[in-house]
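Below: one structure, written as structure tokens.
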Amino acid sequence: MAVAAWTANTTIALDVIRRSTALNNNGLFFKCTTAGTTAATQPDWPKEVGDTITDGTVVWTAISSVYQDVSVLSPNAIIELFELRPSQNLHNTTTVTRWHNGCNENISGDIVFNGQTYSRMAIEANGFKKSTTGAAARPTLTIANTDNLITFLLKDINAFNIGNDLGGAEVRRIRTHKKFLDGESTADPYAQHPLEIWLIDRKASENINVVTFELAMEVDLPNAFLPQRQLIGNCCQWQYRSSECSYTGSNYFNKNDVVVSTLAADVCGKRLSSCKKRFGENGVLPFGSFPTAGKTQ
């Protein structure tokens, strides 16, 4: 049964589950952990599992919309959908291509989810790992080149933008469960894992049988910069004790994170470990760098 949307000025009992009124693709529902009455306007919903928000006199806690379906002994079949979204500037088209890999039980043709049709196509998707440290993931998509379909697509794009090979095109990975597909008695477009958005970095290989693309996050593309800042993994770019750094404490350490006794000898080592020494192992760290980036200096 689909989860009902949030409504204003409504009495909510403990453990009632609601969703946002709009499709937000973050894979979250919200469970009432303090009963009460909702406010006149919808709250700014949390973005992470376990986060809470006060709404009138109700307190909501964010939960996974698919938790109950992946935590059972025999979970409902996970369906993996993909969308290829080219851009007008790079590829001279904005036509979205939607497909699924067609390897799930009892799925032999097209799939419809949230009103969109996904065609069956032989595809192998690898490397969608998640990590908070080290280099960011670079997944690969290997797509069957049936009837030279991908080759002809690349030919049209390269005629417009020489050598582009779909570089910069957006790839969306959507995961849900068979029970939530359109046409099922429990159909629910809000019940899905968090949406993943990647960009095609390069065409890794192409032959008459398959074409393989390497994907990357937008900030992990070659020469990617956030405004005025280079993506460096473990070297804080803030000036020590500045407003960005925000450290004003009287615990002093040298550049090797060893305790010293005077402010004059206090030097930040610019590492994540240096930040933790000052703000605490589990504290909120104003670390001016990007721990998931590959570069360390």
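Derivation of every value follows stated rules applied to the coordinates shown; laboratory data play no part. Nothing here was measured: the structure is a model prediction, and the numbers come from that model. Here the Cβ positions follow ideal geometry from the backbone for every residue, glycine too, while neighbour counts run over all protein chains shown.
Put in order of Cβ neighbour count within 10 Å, fewest first, the listed residues Phe152, Phe113, Phe128 become Phe152, Phe128, Phe113.
Dipole size of the chain about its Cα centre, with +1 on Lys/Arg Cβ and -1 on Asp/Glu Cβ: approximately 880 debye, rounded to the nearest 20. Here's the picture: charge each Lys and Arg Cβ at +1 and each Asp and Glu Cβ at -1 in the chain, and of Ser65, Leu263, Gly163 the one pushed furthest to the positive end of that dipole is Leu263. Once backbone amide H atoms are built at 1.01 Å from N, Asp257 has Gly269 as its partners under 5 Å, excluding neighbours fewer than 5 places away on the same chain. Quick check: from the Cα gyration tensor, does the range 11-65 come out rounded (a/c under 1.5), prolate or oblate? Prolate shape, in that a/c is at least 1.5 and a/b is the bigger ratio. Put in order of Cβ neighbour count within 10 Å, fewest first, the listed residues Cys245, Cys236 become Cys245, Cys236. Which translational diffusion coefficient, to the nearest whole µm²/s, is obtained for the range 78-221 from the Stokes-Einstein equation, given a Kirkwood hydrodynamic radius over C-alpha pairs, 20 °C and 1.002 mPa s? Rounded, D is 134 µm²/s. Across the chain, the relative contact order, built from alpha-carbon pairs under 8 Å that are at least six residues apart, equals 14 percent. If R0 is 35 Å, what FRET efficiency do you get for Ala264 and Ser243 from their C-beta distance, rounded to 0.05? Calculated transfer efficiency: 0.95. Which of the aspartates and glutamates could be linked to Lys270 by a straight reach, that is with a Cα gap under 20 Å, when you skip same-chain ones fewer than 8 residues away? Within reach: Glu244, Asp257, Glu281. Bridges between two residues of the chain, per DSSP, are antiparallel at a rate of about 95%. In terms of its alpha-carbon gyration tensor, the chain comes out oblate; a/c meets the 1.5 threshold, while b/c is at least as large as a/b.
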